[in-house]
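Data block below; observations after.
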Amino acid sequence: MATANESVPRDILIVGAGVFGLSTALSLLSRPAYDASRITIIDSALVLPNPVGSSVDASRIIRADYASIHYAKLACLAQEHWRDQTPSGWGGEGRYSETGFVLTGDKGQEAYVSSAMHNVQDLARAGLPMDISKIQELKNREEIRKAAGLPGVSGDTGYANWNSGWADAEKSVAHTIQRIQTHSNAKDRISIKPGYEVARLIFSPDSGQCTGVTCKDGTSFTADLTILATGAWTPSLFNLQNRCLATGQVIAYLELTQEEQNYLENTPVVINFAKGTFVIPPQRGELKVARHGFGYRNPITVEHPSTKSNAERLSKHGVSVPRTDTNIPVEAEVALRDALAELFPPNVDPASLPPGCPTSLSTVSTRPFTNTRLCWYTDTPTGDFLIDWAPLPASKNSKNTSLFLATGGSGHGFKFLPVLGDYIVDAVEGRLDPVYRKLWAWPSNEKLEKEFGLAESGQEAIDVVSGTSKELHAFHECKDGSRGGPKGMILGEELKKGTAAVKPLQAKL
């Protein structure tokens with residue numbers, strides 16, 4: 001069989017029950033070559049779907065609207081699956097809603113939006129499942145306002161893509177787990193085990209190969225192949241040397257009346273890429289507002305297996321790690337409320353409202369938040385995924401056949417849930433499409449220095465280190481062109497300034 005291993009791994013351990021891990025398991029189950037393999041999925045959460053995972057939330061945007069044609073094409077293929085509204089389909093039972101997507105940019109900051117529009121138009125002309133008649137250029141603020149169907153407007157130009165929409169993330173992950181558990185090939189050979197938080201990877205002192213993981217409760221899981229799909233927690237488990245960075249992105253919710261819910265649930269997702277702020281149509285009486293930005297870093301020092309001696313020796317590295325026990329900082333609250341005030345102006349003329357739009361929406365920007373959270377991205381310098389065999393810490397020059405990385409979602413991985421696993425397993429087997437193999441490959445130290453000017457050490461404790469010929473910077477922000485908002489924020493520093501007040505939604509009798 002054409003895998004990176006000469007033989008099919010008998011025991012496969014997938015660490016992480018999010019989009020990357022679950023989709024990989026589903027693809028493995030669907031391939032006869034792995035019929036004799038035992039598959040174990042572990043996750044740190046006590047219950048699944050993981051309530052603090054980046055894959056789990058009220059909603060995620062489903063779009064093919066990318067400045068990169070390669071992601072646009074892949075997302076377009078994934079959307080075919082989301083549109084399956086049968087009960088067992090990816091979009092069935094309310095898991096997907098195609099209400100459209102309005103993308104805007106401020107004057108002078110429209111490059112990403114313009115490239116995305118041309119890409120989806122090109123995909124439609126090439127015969128992919130994209131209806132070009134549903135792609136509408138928006139040349140001014142009034143056209144944006146009409147397309148969004150909201151009282152206000154954010155951005156100066158943009159376009160609407162009525163082929164796009166949003167998915168209920170939590171329901172979709174739960175559906176994926178159900179697909180795995182009820183798969184015809186799952187019986188007696190796959191197990192999903194929540195409540196196991198990995199402390200460290202295990203490496204053989206003889207071969208340097210990864211042989212599994214040890215958890216914080218002392219439990220060990222051994223495997224011939226370990227697939228690390230731990231999202232924003234990955235850099236704390238394996239030294240990713242400036243290749244991945246955990247960044248906290250802000251989300252808040254506020255309560256709506258039934259009349260407001262009925263109106264807004266049929267409006268499109270709206271995002272201003274210059275600011276990074278967006279709103280997604282509500283469900284269950286709550287409106288979601290968020291920011292797709294450069295995020296907060298939460299730097300600490302951790303120990304990783306050393307690359308300079310045997311695999312059991314540890315060395316210290318600075319990384320950013322997720323913190324999930326706090327409300328969003330006041331800086332974020334101000335930004336989100338400013339975004340809401342643009343889209344729902346407090347002093348709007350009732351006569352100017354779109355037909356059927358409730359006048360009560362003028363108070364949206366000042367309402368209490370019912371909940372806030374930080375969603376932790378696994379950013380890479382370019383926003384490209386990292387799906388590749390990892391260089392082993394001390395392999396004694398042997399080829400890695402035991403540790404595979406499936407991470408680096410960079411805040412846009414969820415939409416690929418129906419198809420991503422097939423691409424990951426193709427990469428494991430060494431037959432991934434060359435375009436994506438190059439896009440998702442482990443960046444060499446030389447590439448980091450030449451293309452990104454990044455230090456090899458990956459230490460968060462310093463911002464600049466001296467290189468041989470120039471200053472090399474540590475990786476602090478994703479530069480894929482889609483981010484907005486302030487840069488360089490440290491979570492601890494922002495939390496000292498205060499956090500957003502929250503008034504939880506009361507249960508309705």
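The values are calculated or read from the model by the stated rules, or taken from the named source; none is laboratory data. All figures in this text were calculated on a predicted structure; none of them were measured in a lab. Every residue, glycine among them, receives a Cβ derived from its backbone with ideal geometry; neighbour counts consider all protein chains shown. Surface areas here come from the heavy atoms of the whole protein model, side chains and all, with no ligands, DNA or RNA. Shrake-Rupley method; radii C 1.70, N 1.55, O 1.52, S 1.80 Å.
Couple of notes before you dig in:
- Close pairs (7 angstrom Cβ cut-off, 6 or more residues apart or separate chains): small (Gly, Ala, Ser) and modelled with pLDDT of 95 or more in the stretch 325-351, outside any helix (DSSP H, G or I) and open to solvent by 50 Å² or more (accessible area, probe 1.4 Å) anywhere: Ala339/Lys275
- Residue within the stretch 69-83 that is open to solvent by less than 10 Å² (accessible area, probe 1.4 Å), closer than 30 Å to Arg323 by Cβ and aromatic (Phe, Trp, Tyr) present: yes
- Among the conditions (1) open to solvent by less than 10 Å² (accessible area, probe 1.4 Å); (2) farther than 30 Å from Gln136 by Cα; (3) in a strand (DSSP E or B), Lys316 misses just one, which is (1).
- For the stretch 409-452, the set of residues classified as basic (Lys, Arg) and surrounded by 18 or more Cβ atoms within 10 Å (Cβ to Cβ) consists of Lys415 only.
- Only a single criterion out of (1) touching a residue at least 12 places away in the same chain (Cβ under 8 Å); (2) open to solvent by 20 Å² or more (accessible area, probe 1.4 Å); (3) of a type in the set (S, T, N, Q); (4) outside any strand (DSSP E or B) is not satisfied by Thr267, namely (2).
- Candidates Gln241, Gln249 - the one that is in contact with a strand residue (DSSP E or B) (Cβ under 9 Å, 6 or more places away or on another chain), on the phi > 0 side of the Ramachandran plot, in contact (Cβ under 8 Å) with a residue 60 or more places away in the chain and not basic (Lys, Arg): Gln241
- Residue that is farthest from Pro504 (Cα to Cα) [pool: residues in the stretch 354-372 that are free of Cβ contacts under 8 Å to residues at least 60 places away in the same chain and open to solvent by 40 Å² or more (accessible area, probe 1.4 Å)]: Pro355
- Whether a residue is at pLDDT below 95, part of a loop (DSSP other than H, G, I, E, B) and surrounded by fewer than 22 Cβ atoms within 10 Å (Cβ to Cβ) was assessed, and Thr307 passes this test.
- Residue within the stretch 203-212 that is modelled with pLDDT of 95 or more and closer than 24 Å to Gly53 by Cα present: yes
- Single residue of the stretch 39-68 satisfying the filter (small (Gly, Ala, Ser) and modelled with pLDDT under 95) that is most open to solvent (accessible area, probe 1.4 Å): Ser54
- Of all the criteria given as (1) within 16 Å of the chain's Cα centre (by Cα); (2) open to solvent by 10 Å² or more (accessible area, probe 1.4 Å), the one not satisfied by Leu245 is (2).
- Residues being within 21 Å of Val47 (Cα to Cα) and either among the small types (Gly, Ala, Ser) or not in a strand (DSSP E or B) (or both) - total across the stretch 190-227: 10
- Selection from the stretch 110-132 of residues that are within 22 Å of the chain's Cα centre (by Cα) and open to solvent by less than 30 Å² (accessible area, probe 1.4 Å): Tyr112, Val113, Ala116, Met117, Asn119, Val120
- Apart from one condition, Ala351 fits all of (1) aliphatic (A, V, I, L, M); (2) open to solvent by 50 Å² or more (accessible area, probe 1.4 Å); (3) within 30 Å of the chain's Cα centre (by Cα); the exception is (3).
- Against the numbered list (1) over 30 Å from Val348 (Cβ atoms); (2) surrounded by fewer than 19 Cβ atoms within 10 Å (Cβ to Cβ); (3) touching a residue at least 60 places away in the same chain (Cβ under 8 Å); (4) among the acidic types (Asp, Glu), Glu170 comes up short only at (2).
- Here Thr407 meets each of (1) of a type in the set (Ser, Thr, Tyr); (2) at pLDDT below 95; (3) closer than 16 Å to Asn239 by Cα with one exception, condition (2).
Residues checked against (1) touching a strand residue (DSSP E or B) at 6+ places or on another chain (Cβ under 7 Å); (2) among the β-branched types (Val, Ile, Thr); (3) more than 25 Å from Ala274 (Cα to Cα):
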| site | (1), (2), (3) |
| --- | --- |
| Glu342 | no, no, no |
| Pro346 | no, no, no |
| Pro350 | no, no, yes |
| Thr359 | no, yes, yes |
| Val364 | yes, yes, no |
| Arg367 | yes, no, no |
| Thr372 | yes, yes, no |
| Cys375 | yes, no, no |
| Asp379 | yes, no, no |
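- The one condition in (1) surrounded by 15 or more Cβ atoms within 10 Å (Cβ to Cβ); (2) touching a Lys or Arg at 6+ places or on another chain (Cβ under 9 Å) that Ile135 fails to fulfil: (2)
- Elements of type strands (runs of 3 or more DSSP E) contained in the stretch 49-147, each with 2 or more residues being closer than 30 Å to Arg373 by Cβ: 60-62, 101-105
- All positions within the stretch 324-344 that are part of a loop (DSSP other than H, G, I, E, B) and open to solvent by less than 30 Å² (accessible area, probe 1.4 Å): Thr326, Ile328, Phe344
- Here Pro393 clears all of (1) out of contact with any helix residue (DSSP H, G or I) (no Cβ under 9 Å at 6 or more places or on another chain); (2) open to solvent by 60 Å² or more (accessible area, probe 1.4 Å); (3) assigned to a loop (DSSP other than H, G, I, E, B) except the condition numbered (2).
- Only residues that are open to solvent by less than 40 Å² (accessible area, probe 1.4 Å) and in a helix (DSSP H, G or I) were counted in the stretch 173-189, giving 5.
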